[in-house]
């Protein structure tokens, strides 16, 4: 009976550790997206692959459509929570600066404007609404769950080994 109980607890600990691994991976993805949501991606060509909401081509300041395959993009600035006026403000700055390419200083100017506009957004209008992105919290919860699962496995195996030496 004790062996069966030990096996069941061991399976529970393995399941807890596996769930913890998934939690850590999801937390990393959430936090990465949240950290980049309002960071403008400046790219030399047409590639956009690292999770920004807005991409600008550095050689001419063009807004790139980096949407999921099968969806049509607008080739306009489209940032979560921004009003049309705020998006137009960013577009106008990019058009003013981007005619002959976007230098590093001009890229910083565009990012500065986006940062100032994000600071003015009420929390409920931001990408994740009024909810805080919980990526880092999910990561730490996953780490604690994994630690509990591993400690549980060690204790179960120790108890099984201990009872085996008593009876053997």
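Nothing in this text is a laboratory measurement; each read-out follows from the coordinates by a stated rule. Note that the coordinates shown come from a computational prediction; the quantities given were computed from them, not determined experimentally. Virtual Cβ from ideal backbone geometry, glycine too; neighbours counted across all protein chains shown.
What the table shows:
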quantity: Two-site FRET efficiency, residue 91 against residue 147, from Cβ-Cβ distance with R₀ of 45 Å, rounded to 0.05; calculated: 0.40
quantity: Extension reserve of the residue 159-residue 33 stretch, reckoned as 0.36 nm per residue once the Cα distance is removed; calculated: 41.0 nm
quantity: R0 of 41 Å, Cβ-Cβ distance residue 115-residue 14: FRET efficiency to nearest 0.05; calculated: 0.35
quantity: FRET efficiency, residue 83 to residue 103 (Cβ-Cβ, R0 41 Å, nearest 0.05); calculated: 0.90
